[in-house]
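Below is one structure, written out as structure tokens, with a few remarks after it.
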Amino acid sequence: MFDNLSDKLDKAFHILKGHGKITEVNVADTLKEVRRALLDADVNFKIAKDFTTRVKEKAIGEDVLTTLQPGQLMVKIVKDELTELMGGDVAGVNLSGNPSVILMSGLQGSGKTTFSGKLANFLQTKKNKKPLLVACDIYRPAAINQLHVVGEQIGVEVYSEPENKNPVEIALNAIKHAKANGFNVVIVDTAGRLAVDEEMMTEIANVHKAIQPQETLFVVDSMTGQDAVNTAKAFNDRLNFDGVILTKLDGDTRGGAAISIKSVVDKPIKFIGTGEKMEAIDVFYPSRMADRILG
Ligand code: GDP
């Protein structure tokens, strides 16, 4: 993935080679390529423009008569800026509650249920936690079953009330159940829709208000490009979520979502999903992602 962006940047830096130092003129050519590459990777126009402006300011201001070649210097500046754009430091998940309640939000198909399982598995195996998964999708019995299948796979209990049509009640009952049975993390998987709609937003906002989670995570399919950014904004406006989960990064995505989301909603990307298996979860490292983008 990201071949496109990486190739373009390579080409851009190649232009600088042989010039010996960065000038207004040759940096302008390079920046044009960088901006085009970002736009091709589905990065929002304004973000790409601001990004290249910052890179230009840094590049021109630098003493280029050092041991670094201009190309290498540009790679470093672009990498540092990309890292900053995607969130700078690694962001953790707040596990301070007892139990810690984590609310999952996102559109249907984004990978919410799969990620709920992955996170439970991660917390159980890597953080020594005892998680409880909660099925709060009252519309699709298949979604409840899917979570049960996931729970069985990873050996994590799943709480559901198939006859109850009130997600707020289900979530509150699940937290009671967790307290009574020694679970220290509760992961609430909610109903999604194929597109943002008012009923879904009201429902999840009500659950959010009632359970007051330590952590609200927004799950988004990285393959959906610019739409991912718009969906993130819609959910953030209602939930003021704490972090983003970018799924399907194993697919043929160009990564524009990773670059844009942080700047638009100003929330960190916390984890990435890199496959359908329960182990396909990684902490999001902005600098690693920048390396990957640059190739
Ligand atoms: P939900 O409707 O948001 O709960 O989405 P699901 O968890 O059911 O996921 C939708 C589809 O995406 C399923 O077929 C999952 O196996 C698949 N999926 C989820 N996460 C990933 C991922 O990181 N990589 C890939 N390749 N597929 C994923």
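Couple of notes before you dig in:
- Cut-off 12 Å, label 7 Å out along Cα→Cβ of LYS126, residues of the range 248-289 by amide N: 270-274, 279-285
- For the chain, a Gaussian network of Cα nodes joined below 10 Å ranks THR125, THR114, THR224 by mean-square fluctuation, and the top entry is THR125.
- Paired Rg and Dmax values of the range 24-150, which use every Cα atom, in angstrom: 22.3, 66
- Under the Debye formula (equal points on every Cα, no solvent term), log10 I(q)/I(0) of the range 246-292 at q = 0.14, 0.18, 0.30, 0.33 Å⁻¹: -0.33, -0.54, -1.29, -1.37
- Share of carbon and sulfur in the accessible area of the range 137-223 stands at 52%, probe radius 1.4 Å.
- Pairs of Cα atoms farther than 16 Å apart, the range 141-193, %: 42
- Projecting the Cα positions of THR202, ILE187, SER96 onto the charge dipole of the range 93-242 (unit charges on Cβ atoms of Lys, Arg, Asp and Glu, taken about the Cα centre) puts SER96 furthest along the positive direction.
- Karplus 3J(HN,Hα) series, Hz, for the range 171-183 with 6.51 cos²θ - 1.76 cosθ + 1.60 (x for Gly, Pro): 5, 5, 5, 5, 5, 4, 4, 4, 4, 6, 10, x, 7
- FRET efficiency, LYS176 to GLN226 (Cβ-Cβ, R0 45 Å, nearest 0.05): 0.60
- The mean of 1/r over all pairs of different alpha-carbon atoms in the chain, once inverted, gives a Kirkwood hydrodynamic radius of 20.2 Å.
- Gain on full stretching of the segment that runs from GLN72 to GLU199 - 0.36 nm per residue minus C-alpha separation: 40.6 nm
- Trypsin sites (Lys or Arg not before Pro) restricted to DSSP loop in the range 145-238 with at most 13 other C-beta within 10 Å: LYS165
- In degrees, nearest ten, helix 112-126 long axis to first principal axis of the chain (Cα): 90
- Chain lengthening between LYS165 and VAL264 when straightened (0.36 nm per residue, less Cα-Cα): 32.2 nm
- Put a dot 7 Å past the Cα of LYS209, heading toward its Cβ, do the same for VAL25, and the two dots end up 6.3 nm apart.
- In this calculation the C-beta distance from LYS32 to GLU279 is compared with R0 = 41 Å, giving a FRET efficiency of 0.50.
- Straight-line reach from LYS176: taking Cα to Cα under 28 Å and skipping same-chain neighbours fewer than 8 places apart, the lysines in range are LYS112, LYS118, LYS126, LYS127, LYS129, LYS130, LYS165, LYS209, LYS270.
- The distance between label points at ILE60 and TYR139 comes to 5.1 nm (points 7 Å beyond Cα on the Cα→Cβ vector).
The values are calculated or read from the model by the stated rules, or taken from the named source; none is laboratory data. From a predicted model like this one, the values you see are computed outputs, not experimental measurements. Don't worry about glycine lacking a Cβ; one is built from the backbone with ideal geometry, like all the others, and counts go over all protein chains shown. The area values use the complete protein model at the heavy-atom level, side chains included, leaving out ligands, DNA and RNA. Shrake-Rupley method; radii C 1.70, N 1.55, O 1.52, S 1.80 Å.
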